[in-house]
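Visitor: Have a look at this one.
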Amino acid sequence: MTREILAKTLCDLCRSLFDRGYSVGGAGNVSVRLDTGGFLVTPTGGSLGRIGPSDLAEVDAVGTILAGPKPSKEFAFHKALFDCRPEVGAIVHLHSTYLTALSCLEDLPKDNALRAFTPYYVMRVGTLPVIPYYRPGSAEIARDLANIAQTQAANAFLLASHGVVVLGKNVEDAVNNAEELEETARLAFILQGRKVRFFTEAEIEELSGTKV
């Protein structure tokens, strides 16, 4: 995929997320890995619903800005994840309603905020580790994300009282994973107070690694 097509695809998907309420105002950021080793990144303070290819920042493999505006202030944690997970081609950070609500709950299990009860959650996300609260843009977010990403195969991470970070092999895959995860969180709230049939370890093992 050429840089131009990738930039257009990224912006189209960002607007789709915004139009469906996954992001509001200037919240959220998305980045994709380029074949050159660099990255395209949504701009700092930019609304996902109002960006075009010319609004994207291009940075090189070490994070130096090559073209466009200043990248999102949270690109530091994107870069930390890209560096430790070379198979990842895109990262989506959202303040989507149900996942952000989940992130605000006390006493979430740190290793996995959402127990598996649907197959596509297992196949697309796996588990949802929780990162403690830090001020947005803090270096500690990148540090903690990288530490967990190197030891767990999760494709998403919940930032306490903040939002969610979702990985994918490309930007379409990352957005699909984010959509599936937000729907799982929505279902979890709908099912609160009811007896949920959670998947067994054997069922999770059977689904793990299954292609979607």
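Visitor: Name the residues in region 148-175 that are outside any strand (DSSP E or B) and within 25 Å of GLU205 (Cβ to Cβ), would you?
Guide: Within region 148-175, ILE148, ALA149, GLN150, THR151, GLN152, ALA153, ALA154, ASN155, LYS169, ASP173, ALA174 qualify.
Visitor: On to the next question. Give the residues of region 176-194 that are assigned to a loop (DSSP other than H, G, I, E, B) and either of a type in the set (S, T, N, Q) or in contact with a Phe, Trp or Tyr (Cβ under 9 Å, 6 or more places away or on another chain) (or both), sorted by residue number.
Guide: LEU191, GLN192
Visitor: While we're on this one: Looking only at region 15-34, which residues are touching a residue at least 24 places away in the same chain (Cβ under 8 Å), on the phi < 0 side of the Ramachandran plot and either among the basic types (Lys, Arg) or not in a helix (DSSP H, G or I) (or both)?
Guide: ARG15, TYR22, SER23, VAL24, ALA27, ASN29, VAL30, SER31, VAL32, ARG33, LEU34, listed by residue number.
Visitor: Working only within region 148-166, note down all residues that are more than 15 Å from LEU99 (Cα to Cα) and touching a residue at least 24 places away in the same chain (Cβ under 8 Å).
Guide: The answer is ALA149, GLN150, GLN152, ALA153, ALA154.
Visitor: Let me ask something else. Can you tell me which residues in region 138-147 are closer than 23 Å to TYR98 by Cβ and over 12 Å from the mean Cα position of the chain (by Cα)?
Guide: Those that are closer than 23 Å to TYR98 by Cβ and over 12 Å from the mean Cα position of the chain (by Cα): ILE141, ASP144.
Visitor: If I ask for residues that are within 17 Å of HIS95 (Cα to Cα) and either of a type in the set (S, T, N, Q) or in contact with a strand residue (DSSP E or B) (Cβ under 6 Å, 6 or more places away or on another chain) (or both), which ones from region 1-40 would you list?
Guide: Result: CYS14, SER16, TYR22, SER23, GLY28, ASN29, VAL30, SER31.
Here, each number is a calculation from the coordinates, and none is a lab measurement. Just so you know, these numbers come straight off a predicted model, no measurement behind them. Neighbour counts run over all protein chains shown; Cβ positions are idealised from the backbone, glycine included.
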